[in-house]
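Step one of this worksheet: look at the structure below.
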Amino acid sequence: MPIRSTCVSAFRNEVTPLTVYLDNAATSFPKPQSVVDAVQRCMIRDGGNPGRGSHALSAAAARTVYACREELCSLFDVSSPEQVCFTLNTTSAINTLVKGVLRRGDHVLISDLEHNAVWRPLHKLCREGLITLDVFRSYACDAERNDEAILRDIRRKLRPNTKMILCTALSNLCGVTLPLRRIGTLCQRHGILFAVDAAQGAGHLTLSLAKDHIDALCLPAHKGLYGPQGCGVLLLREGLTPDTLIEGGNGMDSLSPNMSDSLPERMEAGTLPVPAIAGLCEGIRAVKRIGIEALSAHEAYLHQVARDRLACFRGLTVYAPHACGPCLLFSVADRPSEEICALLNEYGICARGGFHCAALAHKTLGTPQGGAVRLSFGMYNRPRDLEYVYRALSSVCQHVI
């Protein structure tokens, strides 16, 4: 069922009536008003640099940063604020993790749904002969898929030198998820690090470092947590301290040529994006007020509405339609997806075509040479948005099929 309008009325922004925004998997829009206010307040009132001075504005910025660390701990079941490391984005968090933990001779497993943020840094390490890499199956196209089949394939591909399993929580193309808790339990049993790309999962799924046995969780501010762009997060379980990817000033041990051994400062060289962190803090609070279960149910309902309406079109294919989630992927006959998106844009509909920085996932789903169109939903979308998409596609398909 959709979220009741009273649940989100406090966070609603006005959008141009001619705009139907369905590209929330790229970045959520609009943002809750509380997020906008927090960023503005930080820029106008609390604009100091945390850890770079003993004056009042530096202290105010430090409180903002610490409050966000606490909110992240609460939402993702992290043991302490010190395990929360801010980065530029999810890609930065993933690179920091894999290049700070993996060593020559290590073996890594990823899923066949991974984004380039996971695949490319690991592929580079593999190409340089530092690690070996295998891909396990998600069975994303199988309507009867089950967790045991996925785990069986993972077990078949484990090696004595397997150091890490790194996989997505939720596909950025469709609603397919992976059995994180069972994968985490398997990793714990075999002494393997378990890392999760939560670029799409954060704010859409209930994720727990402790209960899911996750060693490292990488996520953005600007997607399902409704914060601004320019901030990512690397959450680490206690005892895991990667080597540094970037070195520099962090306000600590300024006379030493070495980075501090203590978290989070070890991983946070340079000035933090405090306005974005302030916005993320309020975004998390907005998500918590509505509840992830309610948001997830709302997105599943929108997926169902969209899938049912798209089923009316001859020559239109929906990929993994059995997976109800915040994304729906489709193609129209043999037409390039970018052409379909350009035509939808003329109707004021924001969707995304192409390959979505996810070549592995597109290959798994079997999309055509011209890529596919993605609709991705957020808290502000309503069934009427999808009715409008249906009417627009009715016109578009007359000209392209």
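The values are calculated or read from the model by the stated rules, or taken from the named source; none is laboratory data. Just so it is clear, the model here is predicted, and its values are computed rather than measured. Positions of Cβ are backbone-derived with ideal geometry, glycine not excepted, and every protein chain shown enters the neighbour counts. Accessible surface areas use protein heavy atoms only, side chains included; no ligands, DNA or RNA. Shrake-Rupley method; radii C 1.70, N 1.55, O 1.52, S 1.80 Å.
Computed over the Cα atoms, what is the radius of gyration of region 128-227 divided by 2.2 N^0.38 Å, N being its residue count?
Values: Rg = 13.8 Å, N = 100, 2.2 N^0.38 = 12.7 Å.
Ratio of Rg to 2.2 N^0.38 Å for region 128-227: 1.09.
Tally Lys/Arg at +1 and Asp/Glu at -1 over every other residue whose Cβ is under 13 Å from the Cβ of Arg52; what's the total?
Details: positive: none; negative: Glu265, Glu268.
Cβ neighbours under 13 Å give a net charge of -2.
In the chain, with Lys and Arg counted as +1 and Asp and Glu as -1 at Cβ, which of these residues, Leu88, Ala297, Ala276, has the Cα nearest the positive end of the dipole, that is, farthest along it?
Towards the positive end, the residue furthest out is Ala297.
Taking only protein heavy atoms and a 1.4 Å probe, what accessible area per residue, in Å², does the chain have with all protein chains in place? Walk me through the numbers on the way to the answer.
Values: 16820 Å² over 401 residues.
Averaged over the residues of the chain, the accessible area is 42 Å².
What's the ranking of 155-168, 45-58, 22-35 by average number of surrounding C-beta atoms within 10 Å, highest first? Before the final figure, lay out the partial values.
Numbers: 155-168: 17.4, 45-58: 14.6, 22-35: 21.6.
Listed from highest to lowest mean packing, they are 22-35, 155-168, 45-58.
Would you work out the Kirkwood radius for region 240-321? I mean one over the mean of 1/r across all pairs of different Cα atoms, in Å.
Working: mean 1/r = 0.0574 Å⁻¹.
So the Kirkwood estimate lands at 17.4 Å.
Could you work out the pair-distance distribution P(r) of region 77-152 from its alpha-carbon pairs, with 5 angstrom bin width and percents rounded to whole numbers?
Percent of Cα pairs in each bin: 3, 13, 19, 18, 16, 17, 11, 4, 0.
Within 10 Å, Cβ to Cβ, of Val196, how many net charges do the neighbouring residues add up to if Lys/Arg are +1 and Asp/Glu are -1? Walk me through the numbers before you get to the answer.
On the way: positive: none; negative: Asp197, Asp212, Asp215.
Surrounding charge for Val196 is -3.
Provide the packing ranking of 70-80, 143-153, 189-199, i.e. peptides ordered by the mean count of other C-beta atoms within 10 Å per residue, highest first.
Top to bottom by mean Cβ count within 10 Å: 189-199, 70-80, 143-153.
Of all DSSP beta bridges in the chain, what percent run antiparallel (nearest 5)? Can you show the working numbers first?
Numbers: 19 of 41 bridges.
Percentage antiparallel, nearest 5: 45.
Whenever you get a sec, compute what percent of the accessible area on the chain sits on carbon and sulfur atoms (1.4 Å probe). Numbers along the way, then the final one.
Numbers: 8590 of 16820 Å².
The nonpolar share, carbon plus sulfur, comes to 51 percent.
Could you calculate, for region 172-323, the ratio of the Cα radius of gyration to the Kirkwood radius, expressed as Rg to Rh?
Working: Rg = 19.3 Å, Rh = 18.1 Å.
Answer for region 172-323: 1.06.
Which whole DSSP H helices in the chain pass both tests: a Cα extent of 18 Å or more along the axis and a mean Kyte-Doolittle value no lower than 0.5?
56-76, 274-290
Taking every Cα atom in region 295-401, find the radius of gyration and the maximum pairwise distance Dmax, and write them in Å.
12.8, 36
If packing is taken as the mean number of other Cβ atoms within 10 Å per residue, what is the order of 212-223, 304-315, highest first?
Numbers: 212-223: 26.6, 304-315: 15.7.
Ranking, from highest mean packing down: 212-223, 304-315.
Sorted from largest down, give the three principal axis spans of the alpha carbons of the chain, whole angstrom values.
69, 54, 33
Subtracting the Cα-Cα distance from 0.36 nm times the residue separation, let me have the gained length for Arg127 to Arg152 in nm, one decimal. Walk me through the numbers before you get to the answer.
On the way: separation 25, 0.36 × 25 = 9.00 nm, distance 2.73 nm.
Stretched out fully, the Arg127 to Arg152 stretch lengthens by 6.3 nm.
Going Cα to Cα from Lys157, which aspartates and glutamates come in below 15 Å? Please leave out same-chain ones fewer than 8 positions away.
Asp106, Asp112, Asp134, Glu148
Consider a paramagnetic label point 7 Å from the Cα of Glu70 along Cα→Cβ; state which residues of region 254-280 have an amide N under 15 Å from it.
278
Once R0 is set to 41 Å, what does the formula 1/(1 + (r/R0)^6) return for the Cβ-Cβ distance between Ala342 and Asp142, expressed as a FRET efficiency to the nearest 0.05? Provide the component values of the computation, followed by the final result.
On the way: r = 33 Å, r/R0 = 0.80.
About 0.80, to the nearest 0.05.
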